[in-house]
Amino acid sequence: MKFLPVSLNISGKKILLVGGGSVALQKINGLTRFTKNIIVVAPVICDAIKRRALLYREKPYSHKYLRGVSIVYACTNDKKLNAAVSSSARKKGIMANAVDDPENCDFISPAIYKKGRMSVAVSSDGNNVKKSIAWRDKIKDALKYGGRK
């Protein structure tokens, strides 16, 4: 798959995360650098997500949660549920990301370094997340130290 690197204006856009565990928390940690307009839906939501002062519903996913949403992240540990969430969103014209499953993604999340209004994003088209993170960290170090440590 080929993903086009872009920067999206998410001002005023509602983002839905389906899943309440560590993967959802990781997505939240990245997203909250850009917006707080996030709703989390899952039967069980970890305490770390609850402490983030985000809107959450401890309920099973239902397509009703797609109303008014612009972007969806399906980040459960159930690949079939993630694919179903992604499919439901796509049918409604909502961009969807099913974590660790590029075939069920309209977009992927790059490894991001953000400082002030500047951002650097590194992507491997979803094929090598660890390498994307390593490259991002090298870029971060180069910018931080001018290439010297």
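Residue by residue through segment 53-93, note down the ones that are part of a helix (DSSP H, G or I) and among the small types (Gly, Ala, Ser).
Ala83, Ala84, Ser86, Ser87, Ser88, Ala89
Based on this model, can you work out whether Val23 counts as farther than 18 Å from Ile112 by Cβ, in contact (Cβ under 8 Å) with a residue 24 or more places away in the chain and either surrounded by 21 or more Cβ atoms within 10 Å (Cβ to Cβ) or of a type outside the set (Asp, Glu) (or both)?
No.
Looking only at residues in segment 86-114 that are among the β-branched types (Val, Ile, Thr) and either touching a Ser or Thr at 6+ places or on another chain (Cβ under 8 Å) or farther than 19 Å from Val44 by Cα (or both), which one is modelled with the highest pLDDT?
The selected residue is Ile94.
Need the failing condition index for Phe3 against (1) surrounded by 14 or more Cβ atoms within 10 Å (Cβ to Cβ); (2) touching a strand residue (DSSP E or B) at 6+ places or on another chain (Cβ under 9 Å); (3) outside any strand (DSSP E or B), just the number.
(2)
Yes/no matrix, rows are residues, columns are (1) more than 17 Å from Met95 (Cα to Cα); (2) of a type in the set (Phe, Trp, Tyr); (3) touching a Leu at 6+ places or on another chain (Cβ under 9 Å); (4) touching a residue at least 40 places away in the same chain (Cβ under 8 Å):
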position: Pro5; (1), (2), (3), (4): no, no, no, yes
position: Asn9; (1), (2), (3), (4): no, no, no, no
position: Gly12; (1), (2), (3), (4): no, no, no, no
position: Leu17; (1), (2), (3), (4): no, no, yes, yes
position: Lys27; (1), (2), (3), (4): no, no, yes, yes
position: Asn37; (1), (2), (3), (4): no, no, yes, no
position: Pro43; (1), (2), (3), (4): yes, no, no, no
position: Ala48; (1), (2), (3), (4): yes, no, yes, no
position: Ala53; (1), (2), (3), (4): yes, no, no, no
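Given Val129, Val120, Val72, which one is buried (at least 18 other Cβ atoms within 10 Å of the Cβ) and β-branched (Val, Ile, Thr)?
Working: Val129 fails: buried (at least 18 other Cβ atoms within 10 Å of the Cβ); Val120 fails: buried (at least 18 other Cβ atoms within 10 Å of the Cβ).
That would be Val72, the only listed residue that is buried (at least 18 other Cβ atoms within 10 Å of the Cβ) and β-branched (Val, Ile, Thr).
When you go through (1) outside the structural domain of Gly19 (by TED's automatic domain parsing); (2) touching a Leu at 6+ places or on another chain (Cβ under 9 Å) one by one for Lys138, which number turns out not to apply?
(2)
Would you confirm, using the coordinates I've provided, whether Lys114 is in contact with a Lys or Arg (Cβ under 7 Å, 6 or more places away or on another chain), basic (Lys, Arg) and over 16 Å from Gly19 (Cα atoms)? Can you show your working first?
Details: in contact with a Lys or Arg (Cβ under 7 Å, 6 or more places away or on another chain): yes; basic (Lys, Arg): yes; over 16 Å from Gly19 (Cα atoms): yes.
In short, yes.
What are the residue pairs meeting all of these: first residue in segment 68-92, first residue without any contact (Cβ under 8 Å) to a residue 60 or more places away in the chain, second residue assigned to a helix (DSSP H, G or I) and of a type in the set (Gly, Ala, Ser), Cβ atoms under 7 Å, and 6 or more apart or on different chains?
Going by the 7 Å Cβ cut-off, the qualifying pairs are Val72/Ala89; Ala74/Ser86; Cys75/Ala24.
What's the number of the only condition in (1) outside the structural domain of Val99 (by TED's automatic domain parsing); (2) within 27 Å of Lys80 (Cβ to Cβ) that Leu4 fails to meet?
With (1) outside the structural domain of Val99 (by TED's automatic domain parsing); (2) within 27 Å of Lys80 (Cβ to Cβ) applied to Leu4, the lone miss is (2).
The values are calculated or read from the model by the stated rules, or taken from the named source; none is laboratory data. Owing to the predicted nature of the structure, the values given are computational and were not obtained by experimental measurement. Cβ atoms come from the backbone with ideal geometry, glycine included; neighbour counts cover every protein chain shown.
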